[in-house]
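I have placed the structure first, in the form of structure tokens, so that the comments after it can refer back to it.
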Amino acid sequence: MHTQNTVPTPVFRGTHVPPVSGPREGTGATGPLSWQRGPVATAAPDPAHGGTKPLTTEFAAPEPPAGAVCWVAAHGGAGATSLAAALGGTDVGTRWPDRARGEAGRMLIVARTHAAGIQAASTVLDALRTGNHPAGLDLLGVVLVADAPGRLPMALARRVRVLRSAVTVHHVPWIPSWRVGARTAHLPRQVVAVGRAVGLPGHDRRGA
């Protein structure tokens, strides 16, 4: 059994991660990502029966726009916010997209290219592989955002190849302006390519 602070070792079988499947019954969250669990039912006093009864609210979830995308950060500081600002889509942070809020099931996992970031991306992929996620999600790929200028060390490059064996991987180069929270006058071609691949046109090409 893994402790709360231990990231489980991901296991990849096959060449892709199943994009749509419901959560397994009786399966709890694994790894450090608390958003792997679904919503928890609440209850209110039921005087008539001397106990409690679940609170239920029925409503129609709004439909997301056609082609909408959610950016899921595998860890804090992954770059999901910058990508959402540059290309469009919804930054949902370190949780699964919530269809009840009208968020799109189409999603991209975002992580930095340092060792902890690649491990975090692997952990999210493993949750998808094992069905430990809400139903109705469609994984479009993983976006790895450079954590420093230059080429990746060989050890990290090997780990990226493992990710590529399981899912489509997009690369975003080091962008100095993003480090200080500023916009860039022209998006790098790699960023534009990510947007085109998932049907997002981008709107951050003129800078701040």
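Read-outs: derived from the displayed coordinates by stated rules, not from any lab. Bear in mind the structure is a predicted one, so any value in this text is a computation, not a measurement. Note: ideal-geometry Cβ built from the backbone for every residue, glycine included; neighbour counts use all protein chains shown.
Points to keep in mind about this one:
- The sole residue among R158, R183 that is out of contact with any helix residue (DSSP H, G or I) (no Cβ under 7 Å at 6 or more places or on another chain) and among the basic types (K, R) is R158.
- Residues satisfying the stated conditions in region 110-151, i.e. under 15 Å from V167 (Cα atoms) and among the acidic types (D, E): D126, D138
- Subset of region 73-120 (residues that are among the small types (G, A, S) and over 20 Å from L200 (Cβ atoms)): G76, G77, A100, A115, A116, G117, A120
- Pairs linking a residue in region 166-181 that is in contact (Cβ under 8 Å) with a residue 12 or more places away in the chain to a residue that is among the aromatic types (F, W, Y), with Cβ atoms under 6 Å and 6 or more positions apart or on different chains, are A166/F12.
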